[in-house]
Amino acid sequence: METPVTRYEGLIAETTRHSGTNDDLIEAYLARPLGKGPYPGVVVVHHMPGWDPSTKEFTRRLAYEGYVAICPNLYCREAPDASPDDAGAKVRAEGGVSDEQVVGDIGGAVRFLRALPYSNGRVGLIGFCSGGRQVYLAACRLDVDAAVDAHGGRVIMAPEELTERQPVAPIDLTKDMKAPLLGLFGDDDQYPTPEEVGKTRAELERYKKTFEFHSYPGAGHEFMNPHRPSYRVEAAVDAWEKLLAFYAKYLG
Amino acid sequence: MCSYITQGVELEGSAKSADKWFALGAASVYYDHPYHSAFNHSLNIDFLNAKEGPKSRVAVELSRDSALHLAEAILSCIKAGDEAHLS
């Protein structure tokens, strides 16, 4: 018996480089469907622990779903050749990477994706935890087509939390938000708290921005990461459906 | 939690990583996501030598109660050592 292949599926995932802040050539993980396209693109912004296997797995899932996804190593300058955990520790000890550098690197990844011959020209962002905060910032400063903030803490910052490397609270840039925004949160999260999510929602409404927020009961921080005990399968599955529908609407 | 809230401590001494001893310069202490242990949050300590680079690191990720027990044991040992060696 010979059964037909009704749909060919294939993808490739590999390390590449693209230009970033100061035209530095930085390391990135690229995953894309094997096909001529055209495909929309997504820049995946890793969380504070770094350019780790679970973030790369998420990047590959996006490729499986039909997106050219790229995850820049935001710590590659500070810790070249280091393992993700060692790099994250070094960056943490130094107070994190600067917002300016991160936004520049994300901008470089967006340009890289749009220039690919199999790009449809539309590019979105997604970031987790600290990456969610950085996506909020980047969506206020860069020309992108959609942005997803997955439980980004410190979008709201007290004055004493501002530093030379993180000099502005992202929420203060909301009037400049250029892209439709999807927010995915957990009701039990403390970074951000539901109260902070409510304040961010109010600020987006104040400036009449296009956005949708979803917050899941019983879920806390990092509820979408299947490799952590904080994983909540029902919330994560629904969040995946929400983000794919959001990208299909704005990037497809 | 995914913050940069970290207490840096200058240290003198040595630590052993996977393949070598190195001179300690500092430690980062933070209560945040672990990288490996199965806790949502843990008390993490990175023993570091910044001059030798990111690979010169010894990392521990402890439950809150384990971290408190460790801190009490350290203080207890220092107290006993002071009595034994400084008297």
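Just so it is clear, none of the values below were taken in a lab; they were calculated from the coordinates. Remember, it's a predicted structure, so these values are computed and weren't measured experimentally. Note that we place each Cβ from the backbone using ideal geometry, even for glycine, and neighbour counts take in every protein chain shown.
Using the structure shown, decide if A:TYR191 is crowded, with 17+ Cβ neighbours inside 10 Å and in a helix (DSSP H, G or I).
Numbers: crowded, with 17+ Cβ neighbours inside 10 Å: yes; in a helix (DSSP H, G or I): no.
Criteria not met by A:TYR191.
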- Item | Where A:GLY153 falls short, out of the listed (1) small (Gly, Ala, Ser); (2) within 14 Å of another protein chain (Cβ to nearest Cβ); (3) not in a loop (DSSP other than H, G, I, E, B) | (3)
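Residue-by-condition table, conditions (1) farther than 29 Å from A:ARG122 by Cβ; (2) surrounded by fewer than 19 Cβ atoms within 10 Å (Cβ to Cβ); (3) out of contact with any Asp or Glu (no Cβ under 9 Å at 6 or more places or on another chain):
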{"residue": "A:PRO167", "(1), (2), (3)": "yes, yes, no"}
{"residue": "A:GLY198", "(1), (2), (3)": "yes, yes, yes"}
{"residue": "A:GLU234", "(1), (2), (3)": "yes, yes, yes"}
{"residue": "A:ALA239", "(1), (2), (3)": "no, no, yes"}
- Message: Based on this model, can you work out whether A:PHE112 counts as within 11 Å of another protein chain (Cβ to nearest Cβ), among the aromatic types (Phe, Trp, Tyr) and out of contact with any Lys or Arg (no Cβ under 6 Å at 6 or more places or on another chain)?
- Response: no
- Item | Selected residue (criterion: surrounded by the most Cβ atoms within 10 Å (Cβ to Cβ)) from residues of segment A:89-109 that are farther than 26 Å from A:VAL123 by Cβ and within 7 Å of chain B (Cβ to nearest Cβ) | A:ALA89
- Quickly run through segment A:184-209 and pick out the residues that are without any contact (Cβ under 8 Å) to a residue 40 or more places away in the chain and either within 18 Å of the chain's Cα centre (by Cα) or under 24 Å from B:TYR31 (Cα atoms) (or both). A:PHE185, A:ASP187, A:ASP188, A:ASP189, A:GLN190, A:THR193, A:PRO194, A:GLU195, A:VAL197
- Message: Looking at segment A:52-76 only, could you name the residues that are more than 12 Å from chain B (Cβ to nearest Cβ) and either charged (D, E, K, R) or touching a Pro at 6+ places or on another chain (Cβ under 8 Å) (or both)?
- Response: A:LYS56, A:GLU57, A:ARG60, A:ARG61, A:ALA63, A:TYR64, A:GLU65, A:GLY66, A:TYR67, A:VAL68
- A:LEU181 passes all but one of the listed conditions (1) closer than 21 Å to A:GLY88 by Cα; (2) more than 13 Å from chain B (Cβ to nearest Cβ); (3) surrounded by 20 or more Cβ atoms within 10 Å (Cβ to Cβ); the exception is number (1)
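Which of the strands (runs of 3 or more DSSP E) contained wholly in chain B include at least 2 residues that are more than 30 Å from A:SER230 (Cα to Cα) and more than 13 Å from chain A (Cβ to nearest Cβ)? Give the derivation first.
Details: elements: B:7-16, B:21-32, B:42-48, B:57-62.
Passing ranges, in order: B:7-16, B:21-32.
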- Just a yes or no: is a residue in segment A:222-244 more than 18 Å from the chain's Cα centre (by Cα), among the small types (Gly, Ala, Ser) and not in a helix (DSSP H, G or I)? yes
